[in-house]
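Working notes, structure below.
The values are calculated or read from the model by the stated rules, or taken from the named source; none is laboratory data. Source: prediction; values computed, not measured. Glycine gets a Cβ as well: all are built from the backbone with ideal geometry, and neighbour counts include every protein chain shown. The area values use the complete protein model at the heavy-atom level, side chains included, leaving out ligands, DNA and RNA. Shrake-Rupley method; radii C 1.70, N 1.55, O 1.52, S 1.80 Å.
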Amino acid sequence: MNRILIAEDEPRIVSFLEKGLQANGFTTAVTTSAADTIVMALEHEFDLLILDLGLPDQDGLAVLEQLRGQGKMLPIIILTARDDIGDKVAGLEGGADDYVTKPFRFEELLARVRVRLRNHQATDGQPSGKNERILQVGQVMLDLRTRQAQIGDRYVDLSAREFIMAETFLRHPKQVISREQLLNHVWGYDYDPGSNIVDVYVGYLRKKLGSDVIETVRGMGYRLRA
């Protein structure tokens, strides 16, 4: 049974979320402050975090930054009243897996929760390399704790989206990954399936990791060369 941590200080919303999630087979825990959220997420095993940005003691974006900075890789869905595009970009680029604005329909949030859990479980294989925090295929290495990428002895800077895409490839070496799979895993519901954003970001990775690291499989998608 999946465990979901809800970081929200509005009692009415907490009650609404808990009833809906529990009715759909999830177990829940609630925190009402940024400090408690960080402690709970780091010291206990949860499968997903629903994170409000307007927590009373600290901005939710700071919670996101600390959790990702300490290598906590559980899926995080931001649920907030902030609908400014700047906040959304900051949240997604900061490592959130999805961004939902209030008011919201529970059915939509539930669908997003299920997608994030399914994607996370599908890519939660055993990393190869020095330890469980390191993914390495050939000369390409990702440190999941520090969010750093390395090509041989050279370190490269990757944006949050680039890192997620690179991680997806390294978890599935030699496997063809379709554009639709990459779009869903890296961007979720945020882009039109007809968008060329996947091709653009594959181009970014090729420039940073090496032009021959990711190959195009015509009509199917992309594959990491092992």
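List of remarks:
Yes/no matrix, rows are residues, columns are (1) touching a Lys or Arg at 6+ places or on another chain (Cβ under 7 Å); (2) touching a residue at least 24 places away in the same chain (Cβ under 8 Å); (3) in a helix (DSSP H, G or I):
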{"position": "Glu18", "(1), (2), (3)": "no, no, yes"}
{"position": "Leu49", "(1), (2), (3)": "no, yes, no"}
{"position": "Leu64", "(1), (2), (3)": "no, yes, yes"}
{"position": "Pro103", "(1), (2), (3)": "no, no, no"}
{"position": "Glu107", "(1), (2), (3)": "no, no, yes"}
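- Within the range 75-89, tally of residues that are buried (at least 19 other Cβ atoms within 10 Å of the Cβ) and of a type in the set (A, V, I, L, M, F, W, C): 4
- Checked against the criterion of being over 25 Å from Leu135 (Cα atoms) and at pLDDT 90 or above, the range 69-77 contains not a single residue that satisfies it.
- Filter result for Asp57 (open to solvent by 30 Å² or more (accessible area, probe 1.4 Å), more than 16 Å from Leu109 (Cβ to Cβ), touching a Pro at 6+ places or on another chain (Cβ under 7 Å) and not in a helix (DSSP H, G or I)): no
- Contacts under 8 angstrom Cβ, first residue in the range 199-226 being touching a residue at least 12 places away in the same chain (Cβ under 8 Å) and closer than 20 Å to Leu135 by Cα, partner of a type in the set (Gly, Ala, Ser) and surrounded by 13 or more Cβ atoms within 10 Å (Cβ to Cβ), 6 or more apart: Leu205/Ala166; Lys208/Ala149; Leu209/Ala149; Leu209/Ala166; Val213/Gly138; Arg225/Gly138; Ala226/Gly138
- Within the range 180-211, tally of residues that are modelled with pLDDT under 70 and open to solvent by 20 Å² or more (accessible area, probe 1.4 Å): 6
- Residues of the range 8-29 that are farther than 18 Å from Pro103 by Cβ and surrounded by 18 or more Cβ atoms within 10 Å (Cβ to Cβ): Phe26, Thr28.
- Identity of the residue in the range 30-54, open to solvent by 20 Å² or more (accessible area, probe 1.4 Å) and within 21 Å of Leu110 (Cβ to Cβ), that ends up modelled with the highest pLDDT: Val30
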